[in-house]
1. Of the residues A204, A311, A294, A276, which single one is touching a Cys at 6+ places or on another chain (Cβ under 8 Å) and not charged (D, E, K, R)?
2. All but one of (1) surrounded by fewer than 16 Cβ atoms within 10 Å (Cβ to Cβ); (2) over 30 Å from R151 (Cα atoms); (3) in contact (Cβ under 8 Å) with a residue 12 or more places away in the chain hold for E304; which doesn't?
3. May I ask you to verify whether L280 is assigned to a helix (DSSP H, G or I) and outside the structural domain of S165 (by TED's automatic domain parsing)?
4. Of V238, V191, which residue is β-branched (V, I, T) and over 29 Å from V307 (Cα atoms)?
5. When the residues of segment 257-277 are narrowed to those that are buried (at least 16 other Cβ atoms within 10 Å of the Cβ) and part of a helix (DSSP H, G or I), which ends up modelled with the lowest pLDDT?
6. For segment 285-299: of the residues being among the polar types (S, T, N, Q) and touching a residue at least 12 places away in the same chain (Cβ under 8 Å), which is nearest to V236 (Cα to Cα)?
7. Hand me the list of helices (runs of 4 or more DSSP H) wholly inside segment 1-82 holding 2 or more residues that are farther than 30 Å from G173 by Cβ and at pLDDT below 85.
Amino acid sequence: MRADRLLSLVLLLQARPSSAAPELAARLGVSVRTVLRDVAALSSAGIPVYAERGRGGGIRMLPAYRAGLAHLNAAEGTGLAVGQSRLAGELGLGDALDTAIEKIIGAGGQALRGGLAQGRRHVIVDVDPWMRSGEAVPLLPAIHDGLLRGRCLSLDYEDSDGARSRRTVTPAGLVAKAGIWYLVTSEPALVRVSRVHECTVLPAPAVLPTGFDLDAAWARLRDRVEARPRPLTVLVSVSPPAVALVRRVLARHLAPASGASSSHLVRLSFAGVPHAVGSLLGFGAQLTVVDPPAVRTAMRTAAEAVVALYADP
């Protein structure tokens, strides 16, 4: 274990030839005193690393020294496979990803460090869709832990209609789609992680069907969701300044135009009346439902409920 820590210390110092002892201690999960002892041991072994005391001091390594092995642990390897900082952080692997990148930079030298810095200056990867931030997923690390341990999970789950139930699932994999985490189970089926209220890792092993392929299962589930019928067509009249906004935000609901068209009339498709009301009510007075009457009535009922909620006592 100490040998692993010593090599990790060397690689972290290669990435940052001068680092504060408390920072290294936090990275390695040990005390500052342990870091100083490790520095002394490395120095005795002929590795050009030393502690510099005083203001602006720290643990330093001669820039010319190079060890060519990145030596990532399991958590760092998993974090690197995820790749994106926010997603790794939600899995509880944010620090592991940062450490893995620093180790690789340390093993790769100045050229790799410069290339990474240049890439970060010119490319940003944002996994969240427009008009929506990522969902809170406090139980994602527990679900991920059960998945890695190959155990079944007992979940307190709330479905899209708000009904809660206890279910036991066999986890097969996790998918981050447009900033939203899903658990793929062995059926296969999708469990939206943000709707899990409680997760218990069970002793029972998670046995997947013979030949189960996560990529293929996800492709089938994705196609099933994208092909889900939306039989309700809703015609809305949009105020001219909001036409572009409505078309952008509701792009996946746009229905093919039929008959005479108008720039302010937009035809949309939804799974049902509640789906339509939930999607349209947030636009307030920027749009008006023209047809069908059932959606107009439901919008009025929902709006009256909001007014009543904020009425003076």
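The values are calculated or read from the model by the stated rules, or taken from the named source; none is laboratory data. Computed from a predicted structure; not experimentally measured. Backbone-built Cβ (ideal geometry, glycine too); neighbour counts: all protein chains shown.
1. Working: A311 fails: touching a Cys at 6+ places or on another chain (Cβ under 8 Å); A294 fails: touching a Cys at 6+ places or on another chain (Cβ under 8 Å); A276 fails: touching a Cys at 6+ places or on another chain (Cβ under 8 Å).
Step by step, each of A204, A311, A294, A276 is checked, and only A204 is touching a Cys at 6+ places or on another chain (Cβ under 8 Å) and not charged (D, E, K, R).
2. (3)
3. On the way: assigned to a helix (DSSP H, G or I): yes; outside the structural domain of S165 (by TED's automatic domain parsing): yes.
Yes; evaluated as a whole, the condition is true for this residue.
4. Working: V238 fails: over 29 Å from V307 (Cα atoms).
Unique residue meeting the criteria: V191.
5. Step one: filter segment 257-277 for residues buried (at least 16 other Cβ atoms within 10 Å of the Cβ), giving 266-270, 273, 275-277.
Filter once more, so that each one left must be part of a helix (DSSP H, G or I): 273, 275-277.
Details: V273: 92, H275: 89, A276: 92, V277: 93.
The extreme case among them is H275.
6. Within segment 285-299, the first condition is being among the polar types (S, T, N, Q), and the residues that meet it are 286, 288, 297.
Subsequent filtering for residues that are touching a residue at least 12 places away in the same chain (Cβ under 8 Å) retains 286, 288.
On the way: Q286: 10, T288: 5 Å.
For segment 285-299, the residue satisfying everything is T288.
7. Working: elements: 2-15, 21-28, 32-44, 74-82.
Filter on segment 1-82 gives 2-15, 32-44.
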